[in-house]
Amino acid sequence: MTAARPQPQPREAYPVFRTLTTRWMDNDVYGHVNNVVYYSFFDTAVNGHLIDAGALQIDTSPVIGLVIETQCNYFAPLSYPQPVDAGIRVAQVGRSSVRYEVGLFAAGEPLTAAAGHFVHVYVDRASRRPTALPPALLQALEPLRTDR
């Protein structure tokens, strides 16, 4: 049996948004944002939220997130100089891991141009061993959670 094909998601499926800027170099020879750039958008949106919430200091945080899984489905093209609205949600929180889901929307569009996820395992910066999610991170995740 074949799994159902993923479908675009509405804006209402994401509790928090960040606006991202496409760059000239993001377009490929076909005139749209290259597929690898979408993963950079995911990282930028989530880490920007964590930094703004005070849960991540990229140079000094004793706990850091390492990506162990990524996935993306593409529904409509994006292209430079189009702004992109990145919707962010958290689908699952474990002891040391978080599954972030991100929907990328062309500005003003009601459905995702692309939607995907990545999983961070949080580790001690020095030892690189998994560690429990710190309180500041758990607090930053609260407005993103859809897993309850």
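Odds and ends about this structure:
- Shape parameters for segment 19-144, alpha-carbon atoms, Rg then Dmax in Å: 15.3, 45
- Listed peptides 2-14, 120-132, 35-47 by packing density, highest first (mean Cβ within 10 Å): 35-47, 120-132, 2-14
- Take the Cβ atoms of TRP24 and ARG125, set R0 to 22 Å, and the FRET efficiency comes out at 0.05.
- Fraction of beta bridges assigned by DSSP in the chain that are antiparallel (%, nearest 5): 95 percent
- Distance from segment 72-148 to segment 18-41 (C-alpha centre basis), Å: 18 Å
- Qualifying chymotrypsin sites (Phe, Trp or Tyr not before Pro) in segment 1-31, where qualification requires a DSSP coil assignment and no more than 12 other C-beta atoms within 10 Å, comprise TYR30.
- The relative contact order of the chain comes to 30 percent, based on Cα pairs under 8 Å that sit 6 or more residues apart.
- The chain - mean residue ellipticity at 222 nm from DSSP helices (-39,500 (n - 2.57) per run, n ≥ 4, rounded to 500): -5500 deg cm²/dmol
- Remark: segment 19-144 carries a charge dipole of roughly 400 debye about the Cα centre, counting +1 on each Lys and Arg Cβ and -1 on each Asp and Glu Cβ.
- Between the listed residues GLY87, VAL63, TYR14, the Cα displaced farthest toward the positive end of the dipole of the chain, a dipole computed from Cβ unit charges relative to the Cα centre, is found at VAL63.
- Positive minus negative residues near PRO83 (Lys, Arg vs Asp, Glu; Cβ under 14 Å): -1
No lab work stands behind these numbers, since they all come straight from the coordinates. Nothing here was measured: the structure is a model prediction, and the numbers come from that model. All Cβ positions, even for glycine, are placed from backbone atoms using ideal geometry, and neighbour counts span all protein chains on display.
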